[in-house]
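Participant: Could you have a look at this structure, given as structure tokens, before my questions?
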Amino acid sequence: MSAAPRAAFDHPHLLGLQSLHRLDIETILDLADHYASLARENRRGPAVLKNKTVINLFFENSTRTMSSFEIAAKRLGADVINMPVDSSSVKKGETLIDTAMTLNAMKPDVIVIRHSASGGVKLLSRKVDCAVINAGDGTHEHPTQGLLDTLTIRRNKGRIEGLTVTICGDVVHSRVARSTTYALHQLGARVRLCGPRTLLPADARDWGAETVTADFEKGLKNADVVMMLRLQLERMNGAYLPSRREYFHFYGLTRARLAMAAPDAIVMHPGPMNRGVEIESAIADGPTSVITEQVEMGVAIRMAVLDLLAGSNTDTTASTGNGAGAKP
Amino acid sequence: MSASALTITNARLLDPASGRDEIGAIHLEDGRIAAIGADAAPKPTSSRETFDAGGLCLAPGLVDLRVKTGEPGEEHRETVATASAAALAGGVTTIVLMPDTQPVIDDVALVKYLHAPNPDPHATPVTTRIEVAGALTLGLEGEAMAEIGLMREAGAALFTNGDEPVTNPTVLKRTMAYAASQDVLVACRPDTRQLRGSGVMNAGAFAARLGLSGIPSEAEWIGAARDLMLAEVTGCRLLLDQVSTPRTLDLLADAKARGLPVYTTVAAHHLYFNEGDVGDYLTYCKVNPPFRTESDRLALIEAVKSGLIDAVVSAHDPQPPETKRLPIAEASFGAAGLETSLAALLSLVHAGHLSLLEALRPLTSGPADLIGKPQGRLAPGAPADLVLFDPAAPWKCTREALRSRSTNSPFDGRLLQGRVERTLLAGHTAFQRPTN
């Protein structure tokens with residue numbers, strides 16, 4: 001069996017990608033690549049989280065992300081407790097910090113947190129003694145999503161450096177757009193952010209985006225990767241947008257528009273999709289779509305992050321296999 | 001049957017866009033201007049007709065950015081056909097229809113229904129070129145953005161919230177930001193609804209004496225200041241729709257001096273009347289914004305002369321007797337204006353305020369440029385939309401003689417000087433004054 005590619009990862013938590021160094025990101029990607037290969041071979045690695053407790057503390061509903069973390073932790077041998085908001089004490093009036101202190105007293109090894117307020121996860125991380133993984137905080141960051149997007153691109157294109165990645169949609173409210181842009185920029189991709197002016201942030205260039213434009217077709221030109229963001233349909237109520245059909249008309253990914261991208265462009269979406277609003281079904285299900293691979297990479301990325309933050313390496317079988325995806 | 005080629009000789013050619021003011025000939029072919037000037041020669045064409053203009057003034061047909069009809073929904077007030085007849089009699093060859101109809105023009109299908117930029121000049125009756133102003137917000141309610149991009153593609157010339165400002169600044173800001181990325185022109189009434197209140201006429205001593213509640217000037221300035229600032233923040237092209245006070249002009253001049261793409265219109269009747277004309281509770285003089293003071297009126301004229309005001313509109317708003325024959329506080333706002341815009345501006349020429357070209361610019365090339373249309377100028381290739389008028393001819397405006405279905409004109413009974421003799425649309429005579 002091949003060894004997990006290991007490098008130092010000197011962070012107590014994973015709260016966001018903005019502060020991560022390129023080498024940190026590559027460390028996670030390399031290890032995730034290894035876990036992805038194992039999964040494809042239907043094999044399990046060593047149970048590096050055996051006897052460890054992972055709490056999934058989700059203040060916002062997310063079946064997909066919580067399941068992904070749960071599967072990742074279980075594949076590493078951890079004991080997993082899911083705490084969706086419905087069954088938590090928050091509804092009884094307990095403050096966020098009280099919840100953190102209570103959970104901390106139970107001595108978990110990792111708390112995976114999703115919260116609707118930007119900065120909410122950071123606040124909790126200061127109050128607990130274990131590792132905290134941000135599973136999405138408000139409109140701030142969603143680091144594991146940014147990493148899984150980056151890994152999916154790297155596996156399909158063989159590199160990140162020099163690629164043109166177009167991200168289109170509700171950028172201003174998207175924690176995915178932020179995290180993905182930070183990661184891709186760190187690794188040398190050229191990121192273009194597209195969307196209606198009302199949904200583009202004022203400071204997007206500071207995120208590391210090369211281009212910020214309301215003209216999707218200009219943004220699509222020769223793109224290697226096209227990533228469509230989910231449009232929250234309640235945006236129609238806040239005067240951000242006129243209607244679904246107008247949004248689709250100017251910002252929906254159609255076959256005609258996709259033809260403006262590079263011939264071998266791949267299509268991504270963090271899900272869940274609004275078919276017919278931001279993406280045509282034929283593309284979502286088509287040969288250029290890597291949307292299901294993103295989900296697959298999600299588990300691998302979360303295994304890698306859990307491993308790096310809380311895994312014990314003592315039972316790793318040493319051998320001289322080639323570390324999958326390890327780069328010189 | 002009229003020929004497809006026409007030459008008009010011995011005309012005083014007036015073209016504000018180029019500054020041309022000379023006696024000469026103009027040659028029209030296939031609905032467009034082929035050649036123009038003192039020494040231009042027509043191509044020999046067997047079917048060419050010629051007529052002698054007798055030295056009368058020939059200018060581009062008027063482009064009116066603010067016209068209401070009652071179509072669809074209130075055809076008893078006015079239809080597009082009756083408004084067209086009035087427009088052509090007033091020398092107006094392009095009208096921009098306001099979206100405040102029933103239903104509101106906030107939908108692609110309604111824009112397409114009304115939009116007729118190239119009407120058949122042989123039709124009976126002939127209609128003007130019809131451009132459409134799309135609603136800025138759904139139902140003009142000021143809450144949700146309308147389908148600005150799709151309506152633009154369907155041909156909408158500009159976007160407006162009609163007579164009412166968008167009260168919520170967040171809605172307006174987002175809508176302007178979106179409009180900026182669609183590169184459309186947004187027209188806003190500079191107004192603050194709560195300050196306007198239930199005002200009837202200009203606030204001041206005159207209103208107080210009449211016992212009428214006033215519409216204060218600051219209702220306009222504050223609205224204008226807000227709209228200009230939001231245009232600056234968003235990069236939106238903004239048209240302040242019907243200004244009436246000099247202080248608003250100061251705000252606009254400041255914004256223009258800083259290079260912002262902001263423009264303004266004034267209604268022709270605001271250049272002619274002042275608050276005193278409300279006189280004996282004349283409901284035909286009840287308009288919004290209201291007629292202001294005489295010094296305000298003179299400041300507006302000065303701004304037309306200096307070019308600060310980009311376009312003069314008729315603000316044509318047909319109101320039938322049942323909404324006007326009421327105590328003034330209960331009567332509706334609005335004045336019919338399509339047939340009197342040119343005469344109102346010519347009165348300023350006769351009074352020595354403006355030159356002919358200065359008076360015509362905001363009626364022709366000024367508004368055409370704002371909506372990016374090729375008409376409004378005497379230039380080869382431009383549509384052959386022309387107005388032939390006698391600047392000196394005296395006439396009395398009487399409501400019975402107006403062609404509009406509603407004849408609520410504040411000019412009713414006024415003696416005017418300068419009237420349209422003939423209007424050409426796409427090279428064909430669409431209106432000719434009957435000889436008495």
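The values are calculated or read from the model by the stated rules, or taken from the named source; none is laboratory data. This one's a predicted model, so the numbers in the text were calculated from it and none came from an experiment. Positions of Cβ are backbone-derived with ideal geometry, glycine not excepted, and every protein chain shown enters the neighbour counts.
Participant: Can we say A:ALA239 is of a type in the set (Gly, Ala, Ser) and more than 30 Å from A:THR63 (Cα to Cα)?
Facilitator: For A:ALA239, the condition - of a type in the set (Gly, Ala, Ser) and more than 30 Å from A:THR63 (Cα to Cα) - is not met.
Participant: Looking at segment B:328-338, is at least one residue modelled with pLDDT of 95 or more and in contact with a Cys (Cβ under 6 Å, 6 or more places away or on another chain)?
Facilitator: No, segment B:328-338 contains no residue that is modelled with pLDDT of 95 or more and in contact with a Cys (Cβ under 6 Å, 6 or more places away or on another chain).
Participant: Taking the options A:VAL121, A:VAL90, name whichever one is modelled with pLDDT of 90 or more and not hydroxyl-bearing (Ser, Thr, Tyr).
Facilitator: Just a single option satisfies the conditions, and that option is A:VAL121.
Participant: In addition: Only residues that are among the aliphatic types (A, V, I, L, M), part of a loop (DSSP other than H, G, I, E, B) and buried (at least 24 other Cβ atoms within 10 Å of the Cβ): list them for segment B:312-340, please.
Facilitator: The answer is B:ALA315, B:ALA336, B:LEU338.
Participant: Would you check which residues across segment B:87-145 are basic (Lys, Arg) and either within 16 Å of the chain's Cα centre (by Cα) or closer than 19 Å to B:VAL313 by Cα (or both) and list them?
Facilitator: B:ARG129 - this is the single residue of segment B:87-145 that is basic (Lys, Arg) and either within 16 Å of the chain's Cα centre (by Cα) or closer than 19 Å to B:VAL313 by Cα (or both).
Participant: Same structure again: Under 7 Å between Cβ atoms, which residue pairs at least 6 apart in sequence (or on different chains) link something in segment A:251-270 that is within 19 Å of A:ALA214 (Cα to Cα) with a partner that is basic (Lys, Arg)?
Facilitator: As it stands, the answer is A:MET260/A:LYS221, since those pairs meet every condition given.
Participant: Sticking with this one: Go through (1) in a helix (DSSP H, G or I); (2) surrounded by fewer than 17 Cβ atoms within 10 Å (Cβ to Cβ) and name the single condition B:SER347 misses.
Facilitator: Result: B:SER347 fails condition (2) only.
Participant: Same structure again: Just to verify a result, which residue in segment A:220-238, among those that are closer than 26 Å to B:LEU230 by Cβ and either buried (at least 21 other Cβ atoms within 10 Å of the Cβ) or touching a Ser or Thr at 6+ places or on another chain (Cβ under 7 Å) (or both), is nearest to the other protein chains (Cβ to nearest Cβ)?
Facilitator: A:MET236
Participant: For a quick check of your reading: which helices (runs of 4 or more DSSP H) sit entirely within segment B:127-197 and have at least 1 residues that are farther than 23 Å from B:GLU78 by Cα and within 10 Å of another protein chain (Cβ to nearest Cβ)?
Facilitator: Once the helices (runs of 4 or more DSSP H) in segment B:127-197 are filtered for at least 1 residues that are farther than 23 Å from B:GLU78 by Cα and within 10 Å of another protein chain (Cβ to nearest Cβ), what remains is B:148-154, B:169-181.
Participant: Kindly indicate which of B:ALA253, B:ALA219 is touching an Asp or Glu at 6+ places or on another chain (Cβ under 8 Å), at pLDDT 95 or above, more than 14 Å from chain A (Cβ to nearest Cβ) and in a helix (DSSP H, G or I).
Facilitator: Just one listed residue meets the conditions, B:ALA219.
Participant: Sort out which residues of segment B:417-429 are in contact with an Asp or Glu (Cβ under 9 Å, 6 or more places away or on another chain) and part of a strand (DSSP E or B), and write them in order of number.
Facilitator: B:GLY418, B:ARG419, B:VAL420, B:GLU421, B:THR423, B:LEU424, B:LEU425
Participant: Sticking with this one: With respect to the numbered conditions (1) in a helix (DSSP H, G or I); (2) crowded, with 21+ Cβ neighbours inside 10 Å, which one is the sole condition not fulfilled by B:ILE105?
Facilitator: Failing condition for B:ILE105: (1).
Participant: For segment A:94-141, how many residues meet the condition of being out of contact with any Pro (no Cβ under 7 Å at 6 or more places or on another chain) and not in a strand (DSSP E or B)?
Facilitator: Residues flagged as out of contact with any Pro (no Cβ under 7 Å at 6 or more places or on another chain) and not in a strand (DSSP E or B) within segment A:94-141 amount to 33.
Participant: Can you tell me which residue within segment A:239-255, out of those that are among the hydrophobic types (A, V, I, L, M, F, W, C) and over 15 Å from A:PRO287 (Cα atoms), is farthest from the other protein chains (Cβ to nearest Cβ)?
Facilitator: A:PHE248
Participant: Related question: Within segment A:155-171, can one find any residue that is on the phi > 0 side of the Ramachandran plot, surrounded by 20 or more Cβ atoms within 10 Å (Cβ to Cβ) and modelled with pLDDT of 95 or more?
Facilitator: Among the residues of segment A:155-171, at least one is on the phi > 0 side of the Ramachandran plot, surrounded by 20 or more Cβ atoms within 10 Å (Cβ to Cβ) and modelled with pLDDT of 95 or more, which makes the answer yes.
Participant: While we're here: Which one of A:SER116, A:SER125 is surrounded by 15 or more Cβ atoms within 10 Å (Cβ to Cβ) and among the hydroxyl-bearing types (Ser, Thr, Tyr)?
Facilitator: When all the criteria are applied, what remains is A:SER125.
Participant: Quick one: is B:ALA205 surrounded by fewer than 24 Cβ atoms within 10 Å (Cβ to Cβ), away from chain A (no Cβ under 11 Å) and more than 23 Å from A:LEU200 (Cα to Cα)?
Facilitator: The answer is yes for B:ALA205.
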